Amino acid sequence: MILVTKLMNGNEAAALAVKLCKAQVVCAYPITPQTSLVENIAEMWATGNFPGEYISVESEYSALSYVVGAAYAGARTFTATSSQGLAYMHELLHWASGARLPIVLVNVNRALGAPWSLEPDQGDSLSQRDTGWIQLYCSNVQEIMDTVILAFRLAEEARTPCMVVYDGFTLSHTYEVVDFPNQEEVDQFLSPPPQEALFHPSRPETIQSVTDYRYLARVVQAGHRAMLQVPDALKKIGRSFSRIFGRDYFLLKETGLEEAKTVFVATGAIAQTVESFLPLLDGEEVFGYLQLKLFRPLPEKEIITAFSRENIEKLIIIDRNLSRGMGGIFAQEIRALLQGTAFRGKIFELNLAGGIDLTLELLQRGMAKVAEQKDGDEKIIWGVDL
Amino acid sequence: MFSKDLREIRFHGRGGQGAVLSATLAAEVAFRMGYYPQAFPFFGAERRGAPVMAFLRYSSSFLMPRSRIYNPDYIVVFDPELPWETFREGLKEGGVILVNANSDLGLWSKELSNCKVHSIDASRIAAGAGLISSGMPLVSSVMLGALVKILEIAPFHILEECLERKIPQWEKNISVARRGFLEVKEVRS
């Protein structure tokens, strides 16, 4: 294993990963903060350094449409977007999962308007929770590089499209140290494209045309069952990744749960921020943290096991997103999951919707609010009020 | 605590002056010296002339927060015309300001009296070397040379190698960076 270590930002890392995975068709439309990702791919393509085709179109809707077509033909495909762009793809996200096309899409989190904003609110990707895509969240640039590579194999093995998500600017534009793999290693990990084509000019046919509930219900159920196999598939793929690249990825990452009374739950860049704060918080109380990497499908067994430890009294779930009228989306999912399990603690929600930056001071003020929260108080502890 | 050698630096400039590039190049220098750096711009659409910020933190440990920098150890000011209150905020006690100015701080000297100030006349040095774009002196390499010096992070040749690899007009930039490195000095206000 020859290790090449470089400084690069999240978008550059994603672009390089797409190249190393030999994506055959990339079609995208630029939007801040995703722009430099597709610029990087376009530049590699224009200078003859990209193995696949790069196609420019006039919108995100067309970008995903093009990629859907190419995926039907068996091509290894990639697209990327943010915010409004992902929302504009919505209809085709459903089509891609319904047709079981193993497309990989990077979404760089950015708040949806109105008003216009560039803040890294997670509402764009979480609005697409129910589109049938696998969702993986990243917490640093190395993880972005590695997760894109994992995503191609996972999507193809599960025949389910996969969204790789990371925070706009905080990760997309941050330069940091990345060990990047060489082509031989990636080739060892990922079988060469293309996959078998669903269409071929030699056997013209119509597929996925109008159907009734009997067939549709089977399609929906099959998609669900394929999703339920993703956690175990990802564990297996993660072990293979670890053997080749020497880095471990799991469905979730946990620290200190054996002893902790209070456990923070976070995703994306915030997860690393919380992890870095843990040693500063440890006084008399011991804190733990859990980073959720795989969000769809939610790794139910693993989360329930993690929180069934008797020592855990409080969960503080940090959401940089909001389902208006309900609360943080990760918090609602975990609340629902822990119903009727051995978890006996209380759940608190620290909400950073709008893209609030998590500092140590803000976290400490949030913890003070948690300590004084009584039954009947508002469920959400708002970062904006702290 | 965080690793004791964690350093946090905030850059203030105007779009087009190279504050973001400087943060990235300083990160390269830190990386070459064995640190884990993080360099990132302030969120926003980039516009020439508008006030911009960039951030750099580095430490011997990878595990650092990913928030923006509110309490920097160092503040680097690319444009002496920026109002002082836009950049002074949050400087740590005992923190250092590096400013693009000649040694006479004029109106600023009172406002900056309780912190360490280092200055380098980067606009003059850059303009003198012909590093000008759209009428604006390209001060980033001078500032970078001065910053590497006051951080005491690396010998000059490390910065020289980074500039040579990353900057198109590297010869001119190395020569002004060297002047920044050699000529930056603490200002007694």
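Below, the figures for the structure above:
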| item | result |
| --- | --- |
| Residue match in segment B:72-88 (condition: within 14 Å of chain A (Cβ to nearest Cβ), in contact (Cβ under 8 Å) with a residue 12 or more places away in the chain and not in a strand (DSSP E or B)) | yes |
| For A:LYS6: the one exception among (1) within 14 Å of chain B (Cβ to nearest Cβ); (2) within 23 Å of the chain's Cα centre (by Cα); (3) surrounded by fewer than 21 Cβ atoms within 10 Å (Cβ to Cβ); (4) among the charged types (D, E, K, R) | (2) |
| Residue list for segment A:260-280, restricted to those being within 11 Å of chain B (Cβ to nearest Cβ) and surrounded by fewer than 17 Cβ atoms within 10 Å (Cβ to Cβ) | A:PRO279, A:LEU280 |
| When residues of segment A:22-50 are limited to those that are of a type in the set (D, E, K, R) and surrounded by fewer than 17 Cβ atoms within 10 Å (Cβ to Cβ), the one nearest to the other protein chains (Cβ to nearest Cβ) | A:GLU39 |
| Any hit, segment B:135-145, residues being farther than 30 Å from A:ALA271 by Cβ, surrounded by 15 or more Cβ atoms within 10 Å (Cβ to Cβ), among the aliphatic types (A, V, I, L, M) and without any contact (Cβ under 8 Å) to a residue 40 or more places away in the chain | no |
| Test: residue in segment A:227-244 that is outside any helix (DSSP H, G or I) and modelled with pLDDT under 95 | no |
| Test: residue in segment A:236-259 that is buried (at least 21 other Cβ atoms within 10 Å of the Cβ), in the same structural domain as A:ARG344 (by TED's automatic domain parsing) and more than 21 Å from A:LEU294 (Cβ to Cβ) | no |
| Residue among A:THR160, A:THR170 that is part of a loop (DSSP other than H, G, I, E, B) and more than 14 Å from chain B (Cβ to nearest Cβ) | A:THR160 |
| Filter result for the condition that a residue is buried (at least 19 other Cβ atoms within 10 Å of the Cβ) and at pLDDT below 95, over B:LEU107, B:LEU131, B:LEU151 | B:LEU131 |
| Of residues in segment A:173-206 being of a type in the set (D, E, K, R) and assigned to a helix (DSSP H, G or I), the one surrounded by the most Cβ atoms within 10 Å (Cβ to Cβ) | A:GLU185 |
| Meets criteria (touching a residue at least 40 places away in the same chain (Cβ under 8 Å), assigned to a loop (DSSP other than H, G, I, E, B), more than 24 Å from B:ARG32 (Cα to Cα) and away from chain A (no Cβ under 14 Å)) for B:ARG48 | yes |
| Long-range neighbours under 9 Å by Cβ, at least six apart or interchain, first residue closer than 22 Å to B:ILE132 by Cβ and within 13 Å of chain A (Cβ to nearest Cβ) within segment B:16-29, second acidic (Asp, Glu) and not in a helix (DSSP H, G or I) | B:VAL20/B:GLU46 |
| Identity of the residue in segment B:115-170, assigned to a helix (DSSP H, G or I) and charged (D, E, K, R), that ends up nearest to the chain's Cα centre (by Cα) | B:LYS149 |
| Filtered residues of segment A:112-130 (kept if within 12 Å of chain B (Cβ to nearest Cβ), of a type outside the set (Asp, Glu) and surrounded by fewer than 24 Cβ atoms within 10 Å (Cβ to Cβ)) | A:TRP116, A:SER117, A:LEU118 |
| Single condition A:LEU216 does not satisfy, out of (1) touching a Pro at 6+ places or on another chain (Cβ under 9 Å); (2) part of a helix (DSSP H, G or I); (3) within 26 Å of A:THR77 (Cβ to Cβ) | (1) |
| Failed item in (1) over 13 Å from the mean Cα position of the chain (by Cα); (2) buried (at least 23 other Cβ atoms within 10 Å of the Cβ); (3) more than 24 Å from B:ALA50 (Cα to Cα), with B:ASN173 passing the rest | (3) |
| Condition met for A:GLY283 (within 14 Å of chain B (Cβ to nearest Cβ) and not in a helix (DSSP H, G or I)) | yes |
| Residues located in segment A:131-157, provided they are more than 14 Å from every other protein chain (Cβ to nearest Cβ) and part of a loop (DSSP other than H, G, I, E, B) | A:GLY132, A:TRP133 |
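The values are calculated or read from the model by the stated rules, or taken from the named source; none is laboratory data. Everything numeric in this text was worked out from a predicted model, so none of it was measured. When we count neighbours, we look across all protein chains shown, and the Cβ atoms used for this are built from the backbone with ideal geometry, even at glycine.
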